[in-house]
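First up is the structure itself, then whatever we jot down about it.
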Amino acid sequence: MRIFLEDAAGGAHVPNPLMPEWVEVIIALVVFALLYLAIKKWVVPAFEKTYAERTAAIEGGLQAAETKQAEADAKLAELDAQLGEARHEAARIREEAREQGAAIVAELREQGQAESARIVEHGKAQIEAERQQAVTSLRADVGALATTLAGNIVGESLDDDARSTRVVERFLSELEGAN
């Protein structure tokens, strides 16, 4: 089945370079089949094994990442809960401190007012005592001056203590009654 080309010069048959020999085609098919079977038996399983290992590693990594993500989410939720509790506790402590501060201020204000009232009362008592002392001193001085003055006006000596005391007392009573 060889197709021969005729040589233009001598008529000899030259094989066609575009058409291969049947023996070469059969040998190529046998070698191709052997290579195909060898690759299918040894190379493809190695590739499949590597692919399966990589797939398992990737899936394991994804599962591990999902597990770690879930753990991180749980930890974050726990920390958020703890932070909320800490904020609540801080607010409670601030409120207690505010209440204690208000109680202390009220107690100090009450103590200050009591101390102020005590000082005012003490001052009033001291002023009253000093007033009484001044009134007594003035009575004695006014009595002595009035007796001397009355003695000068009347022209008699009013050195009698009983009489001068009665005159002074009566004069001061009239003076107080007039006020």
### Query
Counting only residues that are closer than 12 Å to Leu172 by Cα and surrounded by 14 or more Cβ atoms within 10 Å (Cβ to Cβ), which one in region 140-153 is modelled with the highest pLDDT?
Val142
### Message
Given the criterion of a type in the set (A, V, I, L, M, F, W, C), modelled with pLDDT of 90 or more and either in contact with a strand residue (DSSP E or B) (Cβ under 8 Å, 6 or more places away or on another chain) or assigned to a helix (DSSP H, G or I) (or both), identify the matching residue among Val135, Val120.
### Response
Val120
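The values are calculated or read from the model by the stated rules, or taken from the named source; none is laboratory data. None of these values were measured; they are calculated from a predicted model. Here the Cβ is made from the backbone with ideal geometry for all residues, glycine too, and neighbour counts use every protein chain on show.
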